[in-house]
1. Within the set of other residues whose C-beta is less than 9 Å from the C-beta of Lys139, count the net charge using Lys and Arg as +1 and Asp and Glu as -1.
2. Kindly state, to the nearest 0.05, the FRET efficiency for Asn128 paired with Arg241, given R0 = 30 Å and r defined as their beta-carbon distance.
3. Suppose R0 equals 22 Å. What FRET efficiency, 1/(1 + (r/R0)^6) with r the Cβ-Cβ distance, do Lys225 and Thr158 give to the nearest 0.05?
4. Calculate for the chain the 222 nm mean residue ellipticity that helices alone would give, adding -39,500 (n - 2.57) per DSSP H run of length 4 or more and normalising by residue count, nearest 500 deg cm²/dmol.
5. Given points 7 Å out from each Cα along the Cα-Cβ axis, report the Ser252 to Asp54 separation in nanometres with one decimal.
6. Could you work out the relative contact order of the chain? I mean the mean sequence separation of Cα pairs under 8 Å and 6+ apart, divided by the number of residues, in percent.
7. With the contact rule set at Cα under 8 Å and sequence spacing of 6 or more, what percent relative contact order holds for segment 115-268?
8. Taking Cα atoms of the chain, Rg/Rh with Kirkwood Rh, to two decimals?
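Bear in mind that the values in this text are calculations on the coordinates, not laboratory data. Since this is a predicted model, take the numbers as computed values, not measurements. Using ideal geometry, Cβ is built from the backbone for each residue, glycine included, and neighbour counts are taken over all protein chains shown.
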Amino acid sequence: MLKTVLYLIVFIFLFLIYAHLLERKIIYFPAKIIEFEPSDVGLAYEDVFFKAQDGLELHGWFVPAPDAYATVLYFHGNAGNISHRVEIAKMFNEKKMNFFIIDYRGFGRSRGSPNEKGIYLDALAAYNYLVDIKGICLKKIILYGKSLGVAAAIDLATKVKAGALICESGFTSTQDLAREIYKFIPLWLFVSQKYDSLGKIDKLDIPKLIIHSQNDEIIPFSHAKRFFERAREPKELYVMRGGHNDAFYIHSTECMERIDNFLRKHIK
């Protein structure tokens, strides 16, 4: 009996270690090599290095727009790095918005390795850079998250003042996502990187635009519906078609018009 209990304890211990390692591999897919730069699509930009509160050095690009009426602080998804988002920078630049995109720790030229607490620190450091170094007006800062970046944007919005929040293809929490993906394995019970965005969004009073594809094959549209239902006014929901990674590009003209109209209505 004692031997059985010991075997069970060892099995549970090993399973927890395996689940923890598997979780990191499932959530984060960082790329270190910078493949493209904003200048490749005709944009002038500033190469920015700054530090998070824990002293870790981070990297980003600030792309200024002439006569900008707002500044977008963009948090990308869980794969690649900022060099894979230069076309997005151009889209916002053409709409007269400054664009500041950063790499989380462990991505691109940013030091360290990614984790939930660290990514929240990275988001705050990027915001502080815009306010303290660039002197951007708080009410003209737009917090924009894509996929994993939605979690960073929502968490940041609970801590600072901003003009608006835009959530594209976000998930309510990693536990919810794990329940849906691993229906027959209770991995959600062992999730340490929780990213509980649904539990935070109802605390926000700033204008919110929620963007999601009804055909998203990675993060179901139901996550957007739950966000929208839980969020306070003012709020808007924009529904696209297409896959998780290509819907925005398929509908780029319409999507950017919707974003521009939303922001011009709320950013004064």
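1. Charge balance near Lys139 sits at +3.
2. For Asn128 and Arg241, the calculated efficiency is 0.20.
3. Numbers: r = 21 Å, r/R0 = 0.97.
Working from the Cβ atoms, E equals 0.55.
4. -11000 deg cm²/dmol
5. It is 3.5 nm.
6. On the way: 512 pairs, mean separation 39.9, N = 268.
Contact order relative to length: 15 percent.
7. Numbers: 252 pairs, mean separation 30.7, N = 154.
Relative CO of segment 115-268 lands at 20 percent.
8. When Rh is taken as the Kirkwood radius, the ratio is 1.00.
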